[in-house]
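S.K.: Below is a structure I'd like to ask you about.
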Amino acid sequence: MNIDNLKNTYRNYLKSNENLSSFTWFGVGGSAEILFLPDNIDRAISFIKDKPSELKIFVIGAGSNVLIRDNGIPGVSIRTKKLNKLSIDMNGIITAEAGALDINVARFAREHERTGLEFLVGIPGTIGGGIRMNSGAFGSEFKEILIDVKAINNSGIIKIFKSEELGMKYRNIDVCDEWFFYSARLKTSKGIRSKIHNKMKDIIESRKKAQPTGVKTGGSTFMNTSNYKAWELIDKAGCRGLKLGDAKVSEKHCNFIINTKKSSASEIENLGELIRKKVLESSGIRLNWEIKKVGIR
């Protein structure tokens, strides 16, 4: 299907040159060349199969761990907000669509007295993004709970990946970005609702105490190393509170960059690179970005 026919067929779900800043936690970034807003999984799959294979896709979930650059994203950006259905089978396996918020999946498990997913309340993202990043918090990560995930690639090929086929490692997997993970099965164990609730409450309180909340930020900026926490290296390099325009290193947790007012994506990225430079000079260690930077500078 050519691009004109595609736009006509899916016209109720497509927008052109739509600014994406309101879809991200940083509140910055340019526009999507084409923004696709599917209302269900079947429509998302049909669209990906129908679109020209050379038209690349970028998936936007909660927008918590992404920095969209100022000149926007070419191709198609797919927002998964409405792809959020949850279900549970007789064995306690939870099936979650890509756009389901991690915190809602944890709550869903709690309501069905299933344990093992409590750590998800500490991850401000979606299931699809969590798998892509092998996100983790408070000693647990997606690798431990994922059974398998359904995916479709840029050419419309559908495949089920078992957890062990993804090559899940610290904040990364071995499967390339062309695969869109649209539905996952998660394992749980039988639990006691009150204990599950209390554990979730403790995680939320710990996060509030340790991390900046109620501000425009993208979560942890850099990956931890095998021997050091990123925040320790940033602190030792004298970067706590460092500013560049309206972008600032959090004084509460210096592995977080904050958009204090009206920062641009370039200011945030440049501040991040300045931090990397100072840490390298201070410790000899080169920090790797955890936040995903996308689009054109």
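The values are calculated or read from the model by the stated rules, or taken from the named source; none is laboratory data. Here the structure is a predicted model, which means the values were calculated and not measured. Virtual Cβ from ideal backbone geometry, glycine too; neighbours counted across all protein chains shown. In case anyone asks, the SASA skips ligands and DNA or RNA and just uses the protein heavy atoms, side chains included. Shrake-Rupley method; radii C 1.70, N 1.55, O 1.52, S 1.80 Å.
S.K.: Pairs needed: first member in the range 1-20, closer than 17 Å to Ile45 by Cβ; second member anywhere, part of a loop (DSSP other than H, G, I, E, B) and open to solvent by 80 Å² or more (accessible area, probe 1.4 Å); C-beta distance under 9 Å; at least 6 residues apart or different chains.
M.R.: Matching pairs, first to second residue: Thr9/Met1.
S.K.: Specify which of the listed residues (Lys199, Lys190) is crowded, with 16+ Cβ neighbours inside 10 Å, among the basic types (Lys, Arg) and more than 30 Å from Ile78 (Cα to Cα).
M.R.: Criteria check complete, one pass: Lys199.
S.K.: Six or more apart or on different chains, Cβ under 8 Å: which pairs go from a residue in the range 43-59 that's more than 21 Å from Ile296 (Cα to Cα) to one that's open to solvent by 50 Å² or more (accessible area, probe 1.4 Å) and assigned to a strand (DSSP E or B)? Could you list them?
M.R.: Here the result reads Ile45/Ile158, each pair linking the range 43-59 to a residue that is open to solvent by 50 Å² or more (accessible area, probe 1.4 Å) and assigned to a strand (DSSP E or B).
S.K.: OK, next. Restrict the check to the range 103-120 and report whether at least one residue is closer than 30 Å to Met1 by Cβ, in contact with a strand residue (DSSP E or B) (Cβ under 9 Å, 6 or more places away or on another chain), open to solvent by less than 50 Å² (accessible area, probe 1.4 Å) and basic (Lys, Arg).
M.R.: no
S.K.: Which members of the range 138-161 meet the condition of being touching a residue at least 24 places away in the same chain (Cβ under 8 Å) and either touching a Gly at 6+ places or on another chain (Cβ under 7 Å) or among the β-branched types (Val, Ile, Thr) (or both)?
M.R.: Scanning the range 138-161 gives Phe138, Phe142, Ile145, Ile147, Val149, Ile152, Ile158.
S.K.: Please specify each residue of the range 206-221 satisfying the condition of being open to solvent by 50 Å² or more (accessible area, probe 1.4 Å) and under 17 Å from Gly27 (Cβ atoms).
M.R.: Passing the criteria: Thr213, Gly214, Val215, Lys216.
S.K.: If you don't mind, there's one more thing I want to ask. Looking for something over 30 Å from Lys56 (Cα atoms), at pLDDT 95 or above, open to solvent by 10 Å² or more (accessible area, probe 1.4 Å) and part of a strand (DSSP E or B) - is there at least one such residue anywhere in the range 161-171?
M.R.: no
S.K.: Return the residues of the range 224-258 that are over 15 Å from Leu67 (Cα atoms), touching a residue at least 40 places away in the same chain (Cβ under 8 Å) and not polar (S, T, N, Q); say none if nothing qualifies.
M.R.: Tyr228, Ala230, Leu233, Ile234, Lys236, Ala237, Gly238, Cys239, Lys252, His253
S.K.: Now for a different question. Do you know which of the residues in the range 135-160 that are in a loop (DSSP other than H, G, I, E, B) and crowded, with 20+ Cβ neighbours inside 10 Å is nearest to the chain's Cα centre (by Cα)?
M.R.: Among them, the one singled out is Ser135.
S.K.: Please specify each residue of the range 175-187 satisfying the condition of being open to solvent by 60 Å² or more (accessible area, probe 1.4 Å) and either assigned to a helix (DSSP H, G or I) or out of contact with any strand residue (DSSP E or B) (no Cβ under 6 Å at 6 or more places or on another chain) (or both).
M.R.: The answer is Cys176, Asp177, Glu178.
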